[in-house]
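Reviewing the structure listed below.
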Amino acid sequence: MASVLILTGSPSTVSRTAALAGHVADDLVAEGHEVQVLHLRDLPAEAVLTADTAHPSIAAAVRAVIAADALVVATPIYKASYSGLLKVFLDLLPQSALQGKAVLPLATGGTVAHLLAIDYSLRPVLVSLGARHITTGRFVLDAHIDHRSGGPVIVDDATIACLDRTSAAFRAELRSPDAQLSALAAATA
Amino acid sequence: MTGIDEPLRRRIAVVSAGLRNPSSTRLLADRLGEAVGRALGDRGAVASVELVELRDHAHDLTNMLHTGFASPELQVALDAVQGSDGLVAVTPIYSGTFTGLFKNFIDVLPEGALAGHPVLLGATAGTARHSLAVDHALRPLFAYLRAVVVPTGVFAATDDFGHSQGVRQDDDVAPLADRVQRAARELADVVLSSSRPPAVDSFDDPTPFEQLLRGGGPAR
C-alpha cells in the first residue's frame, strides 16, 4: 500500500478545501493506504514566507513530501488560480520534490467559470516539480460542499459520482506497476 | 485628405471561427461587432464593421498553410483584418482552448500583423466551465502577437444567450449584454486613442478622374 500525503492550501480554519480533501482521504484509508494530511495554514507563516527550510516544522513538511509515494494537492481557486498559501509552500520545495510521484489535483471554487484553473495553472506547477503522473483533477463547487454540519461533506449526487471516479482513478494509479517501481527505486536510493 | 469637419472613420474587423450554421460564435461576433459600432458612434466616429467568417475560408486556409499563398478570397479577409483599426476575434472553445480553424487563421497572418492592434477577445462554449480559456489560452496567444487586448474578454455559454436581461441565478456574473457593452466601450476607447495611423481604405479617397486625365497620378 502507498503512503499518500495530502496538502491543503486554504488559509481558512473552517475550510471547504480541507473538507474535500478529507472526503478523498477516507477513500484512500478505506483501501488500506497510509494517509497523512498537512494543512499548510498550520505551518509557521514567517518561516513559510521566507522559505526558512531550517525551521523544524518546515523541514518536517518538506521531508513528508519527499517521503510520500503520492500526493493529493487541494487548493481553493482564488483570482482564477491556486492559492498563494499553496504556492509559497511549493516554492520552498526542492525542484525535483515530486519526482516519481503520482499527484491528484483537487480544487474548490465559487463558480464553475474557474474550472480550467486546475489544468491551466495548477497542473504546470506540478509538472515543473517533476511529478511522474498527474491523474485527472477535480474541481468542486463551493455550493456542493458542506464543511460545517458534520454530515456528508459532498452534498450533490453528480459531484459525488464524479469524485468517486476521480478518486478511483488515482487509487488505480497507486496500484500500477509504474507506481510500484517508483516506490522501489525511492526505497533503494 | 480628411478635412476638419469630416467624420472620424474607423474600420472594425470581426473574425468569427464558428464551425456550425447557425453558430452561437457568429451570434456573439455579431453582437460584439454591433456594440463596437455603436460605441464608436457614441464617441463621434463613423464605424464600418466587416465580418470575416473563417468557416468560409477553411479550405483556403489549409491550402495557404501548405503553399504559403492566399486565395483571392482569403486575401480579402486577411486585408480586412490587417487593414482594420480594431479587431474583434471570437472562437468556440474546443478541448479547453481555441479551435484549430481559429489558430490556422492566426498562423497565416504575417509576422507583426497585429502588433499594436486593438483587439477584443470573445469565446463561446456549451457551459461556463471553460470561461477561463479566454484568459489562459487566447490572451497569451495575442500577447505573443503583441496586440493591445482590452481588459474585458467576453465568454458566452449557451445559456448566457437566454439570460441577457438578468443576472444568472447561480452566479454573480454580469449579464451577457452588459459584458458585451463594457468590452465594446473598452475597444472603442482604445481604437480612438490608438497612436497607430488609422487604416486607409484606398476606395475612400480615389484620385479624381479629371486629375488622372490631366496626367496627374495619385497625390503623394
- Message: Looking at B:Val14, B:Val76 in this structure, which one is over 15 Å from B:Asp189 (Cα atoms) and either in contact with an Asp or Glu (Cβ under 9 Å, 6 or more places away or on another chain) or among the small types (Gly, Ala, Ser) (or both)?
- Response: B:Val14
- Query: Can you find even one residue in the range A:53-70 that is at pLDDT below 95 and surrounded by 15 or more Cβ atoms within 10 Å (Cβ to Cβ)?
  - Reply: no
- Of the candidates B:Leu121, B:Leu138, B:Leu114, the one satisfying the condition of being outside any helix (DSSP H, G or I) and within 19 Å of A:Ala80 (Cβ to Cβ) is B:Leu121
- Message: Which residue is surrounded by the fewest Cβ atoms within 10 Å (Cβ to Cβ), if the candidates are limited to the range B:118-133 and must be more than 11 Å from chain A (Cβ to nearest Cβ) and of a type in the set (Val, Ile, Thr)?
- Response: B:Val119
- Test: A:Leu122 is closer than 29 Å to B:Asp159 by Cβ and touching a residue at least 40 places away in the same chain (Cβ under 8 Å): yes
- Item | Scan of the range A:65-105 for residues that are among the small types (Gly, Ala, Ser) and away from every other protein chain (no Cβ under 14 Å), ordered by number | A:Ala67, A:Ala68, A:Ala70, A:Ala74, A:Ser83, A:Gly84, A:Ser96, A:Ala97, A:Gly100, A:Ala102
- Being in a helix (DSSP H, G or I) and under 21 Å from B:Leu121 (Cα atoms) is the filter here, so list the residues in the range B:62-91 that pass it. B:Ala77, B:Leu78, B:Asp79, B:Ala80, B:Val81, B:Gln82
- Query: Looking at this structure, is B:Phe105 away from chain A (no Cβ under 14 Å), part of a helix (DSSP H, G or I), modelled with pLDDT of 95 or more and farther than 25 Å from A:Lys79 by Cα?
  - Reply: yes
- Residues satisfying the stated conditions in the range A:110-128, i.e. β-branched (Val, Ile, Thr) and at the interface with another protein chain (Cβ under 8 Å from one of its Cβ atoms): A:Thr111, A:Val112
- Could you name every one of the helices (runs of 4 or more DSSP H) located completely within the range A:107-189 that has at least 2 residues being surrounded by 17 or more Cβ atoms within 10 Å (Cβ to Cβ) and at pLDDT 95 or above? A:123-128, A:157-175
- Task: Among the residues of the range B:14-38, count how many are hydrophobic (A, V, I, L, M, F, W, C) and farther than 22 Å from B:Gln82 by Cα.
- Result: 2
- Message: Here is a list: B:Leu65, B:Leu8. Which entry is in contact (Cβ under 8 Å) with a residue 12 or more places away in the chain and within 29 Å of B:Asp204 (Cα to Cα)?
- Response: B:Leu8
- Query: Of all residues in the range B:153-174 being within 14 Å of chain A (Cβ to nearest Cβ) and in contact with a helix residue (DSSP H, G or I) (Cβ under 6 Å, 6 or more places away or on another chain), which is modelled with the lowest pLDDT?
  - Reply: B:Asp160
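The values are calculated or read from the model by the stated rules, or taken from the named source; none is laboratory data. What you are looking at is a predicted structure, and each value in this text was computed from that prediction instead of being measured. For neighbour counting, all protein chains shown are included, and Cβ atoms are generated from backbone atoms with ideal geometry for every residue, glycine included.
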